[in-house]
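Student: Structure in structure tokens, see below.
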Number of protein chains: 2
Amino acid sequence: MRGNLAVCAARRYWPYCLTFLLLVTIYHVYQWGVRLQQIPTIIVITPTHKRPERLADMTRFSQTLSHVKHLHWVVIEDGNHTVDIVQRILDRSGLPYVYFFATTEPGFPRRGWTHRNQGLAYVRKNYKNFNRPAVVYFADDDNSYDIRLFDKYIRNVKTIGIWAVGLSGTALVEAPHVVNGTIVGWDVVYAPKRKFATDMAGFAVNLDLILKSNASFHRGCIKTVPESCFLQQFNIPKENVQPFGFDDDPKEVLVWHTKTRNIGTKGGNHGYIVE
Amino acid sequence: MRGNLAVCAARRYWPYCLTFLLLVTIYHVYQWGVRLQQIPTIIVITPTHKRPERLADMTRFSQTLSHVKHLHWVVIEDGNHTVDIVQRILDRSGLPYVYFFATTEPGFPRRGWTHRNQGLAYVRKNYKNFNRPAVVYFADDDNSYDIRLFDKYIRNVKTIGIWAVGLSGTALVEAPHVVNGTIVGWDVVYAPKRKFATDMAGFAVNLDLILKSNASFHRGCIKTVPESCFLQQFNIPKENVQPFGFDDDPKEVLVWHTKTRNIGTKGGNHGYIVE
């Protein structure tokens, strides 16, 4: 290369050298574009509903997500209209998002079931012809997310990915039990015999699988556990799903199923926007 | 200017023109530095203690603070040693920070009093000769902060600044009652007759005032309300403190006194780092 470039010292070769340099630059810009196209998009589905702590939780959550690149936020309001101040939080996040509302389908559990299904329907419709990789993740607005969860775990999910969740249910931490890189069981307190003993925050599914299936939180799931019922519909045994974080050193929890305590509801709003 | 620059077209003036341009550039870089120096530093004092939800809260909080520039984070562990995984959260935040520990002084309330005093002592020692503006803010790790709080409110505090806090105590929102730009009372549920009826998250104090006083959460405050006892020591009547946010449209809450519900403590840690 250096020898070849030496000829550029001669003035008469300058036009050829310049053309060569431009071609090299164009090639590298093209390669950069190709690499960008291969970065999987993370589609985050968030059901949300009006409650006094919601604005605090959504603000915190939006500021967490705004650290993550290549993310599309699908937010579904539980109600019969969207809410202005929530819309403003989404606008301020700087993230690409869609925000719509849905009321709970009759006979379905409240809070989330219908809305996650609506989120899945949105994804199946709008990502049908998406010719780039993507991963779908259900993220509630009151959980706590370490931003490494998105780039280290979720973005690398090729089929179904599963990881530890802190403060899940009544447990300090719930995690897949992994031996030689394979999930052989579940280190959980509640119902360890479930096929997929994971919290909603503890898994993500590649878009390809979502598009190839009709998996949802359907009526048949109502008397069972929603996460396990949903994941079984992809017909992938737990031994073939991807565990994350089990071989990290130190082994860290990157997502916690937290809940904000509700206490502050007395007194007026004094002109401030509250819910 | 354009006429003057026209002479640069003559080749013999090039050295003078170049010198002139360099001088202009140096002047602008100098002015830029001067402006940077005038941006007040926000010194955030955070007491923290080991509990199952702490890693979730500190992770969330660090990711919020990492959006804020010109901030120095003073974190005081309630205990007799600092904690590795907390230190790693602080490291990852990318913020300048200091992290040290203190045990509760005998006879003092637990959780925070001693640690905020230690934070103030650190500030008085290390910012004694700080010749730039700065503001001190007490921020607990489980509250919820809209990042606009820092740049719109805290950074503009010249003496004492006070603003609304959501979910404070049992109230939906507590705020200073402002008439014609002056605080005339307190829109609160609990003890409205306090001199300063504000939550710990609802005020900040300019560094100059901190350095000129010995204000602290001292023994005499123990039987009273800490925020009001602390703020009275600056001898500034409430009518002369700066209210923020009261004239915004819409009137928004930028900080909430949230608490993460503690439920998840059953089961083992399965090799994961927990508290």
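Student: Rounded to a whole number of µm²/s, how large is the Stokes-Einstein D of the protein assembly as shown at 10 °C and 1.306 mPa s, given Rh as the Kirkwood radius over C-alpha pairs?
Tutor: Estimated via Stokes-Einstein, D reaches 60 µm²/s.
Student: HN-Hα J couplings of segment A:219-228 from phi, Karplus 6.51/-1.76/1.60, θ = phi - 60°, integer Hz, Gly and Pro as x?
Tutor: Ordered by residue, 3J(HN,Hα) equals 3, x, 7, 4, 8, 10, 9, x, 4, 5 Hz.
Student: Moving on to the next point. Using alpha carbon centroids, what distance separates segment B:6-75 and segment A:2-46, in Å?
Tutor: Taking the Cα centre of segment A:2-46 as reference, the centre of segment B:6-75 is 32 Å away.
Student: A further question follows. What average count of beta carbons from other chains do you get within 10 Å of the Cβ of residues in A:194-204?
Tutor: 0
Student: Quantify how much of the Cα-Cα distance distribution of segment B:39-256 extends past 22 Å, in percent.
Tutor: 49 percent
Student: Here is a further query. Leaving ligands, DNA and RNA out of it, report the carbon-plus-sulfur percent of the accessible area of segment A:39-256 at a 1.4 Å probe.
Tutor: Carbon plus sulfur share of accessible area: 50 percent.
Student: Along Cα→Cβ at 7 Å, what distances in nm separate the B:V98 label point from those on the other copies, shortest first?
Tutor: B:V98 label point versus its equivalents elsewhere: 5.1 nm.
Student: Further question on the same structure: Working out 0.36 nm times the residue gap between A:L211 and A:W32, then minus their Cα-Cα distance, what length gain in nm do you get to one decimal?
Tutor: So the chain would gain 61.7 nm between A:L211 and A:W32.
Student: Can you give me the distance in nm between label points at A:N129 and A:K193, each placed 7 Å from the Cα along the Cα-to-Cβ direction?
Tutor: 4.9 nm
Student: In addition: What's the total accessible area buried between chains A and B, using a 1.4 Å probe, rounded to the nearest 100 Å²?
Tutor: Summing both chains' loss of accessible area gives about 4900 Å².
Student: Just the Cα atoms of segment A:149-275, one point each, no solvent: what log10 I(q)/I(0) does Debye give at q = 0.16 Å⁻¹?
Tutor: Each listed q corresponds, in turn, to -0.80.
Student: Now a separate question. Quick one: with label points 7 Å out along Cα→Cβ, list the inter-copy distances for B:K152 in nm, shortest first?
Tutor: 3.4
Student: Once you put a point 7 Å from the Cα of B:D248 and another 7 Å from the Cα of A:L23, both along the Cβ direction, what distance in nm separates them?
Tutor: Computed distance between label sites B:D248 and A:L23 equals 5.8 nm.
Student: If the viscosity is 1.306 mPa s and the temperature 10 °C, what Stokes-Einstein diffusion coefficient in µm²/s follows for segment A:190-256 when Rh is the Kirkwood radius over Cα pairs?
Tutor: Translational diffusion coefficient: 119 µm²/s.
Student: Applying 1/(1 + (r/R0)^6) with R0 = 25 Å to the Cβ-Cβ distance of B:I39 and A:H70, what FRET efficiency is obtained, to the nearest 0.05?
Tutor: E between B:I39 and A:H70, to the nearest 0.05, is 0.20.
Student: Now for a separate question. Based solely on its DSSP helices, what 222 nm [θ] is calculated for the protein assembly as shown when runs of n ≥ 4 H residues each add -39,500 (n - 2.57) and the sum is averaged over all residues, nearest 500 deg cm²/dmol?
Tutor: -9000 deg cm²/dmol
Student: Which log10 I(q)/I(0) values, to two decimals, does segment A:91-219 give at q = 0.10, 0.22 Å⁻¹ under the Debye formula with one point per Cα?
Tutor: Debye curve over Cα of segment A:91-219, log10 I(q)/I(0) at q = 0.10, 0.22 Å⁻¹: -0.37, -1.58.
Student: Whose Cβ in chain A comes nearest the axis that rotates A onto B, and by how many Å?
Tutor: Here the nearest residue and distance are A:R261, 2.
Student: Considering only the other residues whose Cβ falls under 13 Å of the Cβ of A:P226, what net charge follows from Lys and Arg at +1 and Asp and Glu at -1?
Tutor: Value of the local net charge: +4.
Student: Check A:F101: other-chain or 5+ apart residues with amide H under 5 Å from its amide H, H built from backbone geometry?
Tutor: A:E77
Student: Using the alpha-carbon centroid of each, what span in Å lies between segment A:204-262 and segment B:112-139?
Tutor: With segment A:204-262 and segment B:112-139 each reduced to a Cα centre, they are spaced 45 Å.
Student: Give me the inter-chain shielding for A:163-170: mean count of other chain Cβ atoms within 10 Å, whole number please.
Tutor: 5
Student: Every other copy gets compared here: list the nm distances from the B:N80 label point (7 Å along Cα to Cβ) to its counterparts, shortest first, one decimal.
Tutor: Listed shortest first, these distances are 6.3 nm.
Student: Moving on. For segment A:11-50, what does the equivalent ellipsoid look like in terms of its semi-axes, each the square root of 5 times an eigenvalue of the Cα gyration tensor, given largest first in whole Å?
Tutor: 46, 9, 3
Student: Would you mind checking A:K152/A:K223; A:K69/A:K212; A:K193/A:K259; A:K69/A:K223 for any pair whose Cα atoms are more than 28 angstrom apart?
Tutor: Violating the 28 Å Cα-Cα cut-off are A:K152/A:K223; A:K69/A:K223.
Student: Taking a probe of 1.4 Å, how large is the accessible area per residue of segment B:39-256, in Å²?
Tutor: With the other protein chains kept in place, segment B:39-256 gives 39 Å² per residue.
Student: For segment A:79-148, how big is Rg over Rh, using alpha carbon atoms and the Kirkwood form of Rh?
Tutor: 0.97
The values are calculated or read from the model by the stated rules, or taken from the named source; none is laboratory data. What you see is a predicted model, and the numbers here were worked out from it, not measured in a lab. FYI the Cβ positions are ideal-geometry reconstructions off the backbone, even for glycines, and counts take in every protein chain you see. Surface areas here come from the heavy atoms of the whole protein model, side chains and all, with no ligands, DNA or RNA. Shrake-Rupley method; radii C 1.70, N 1.55, O 1.52, S 1.80 Å.
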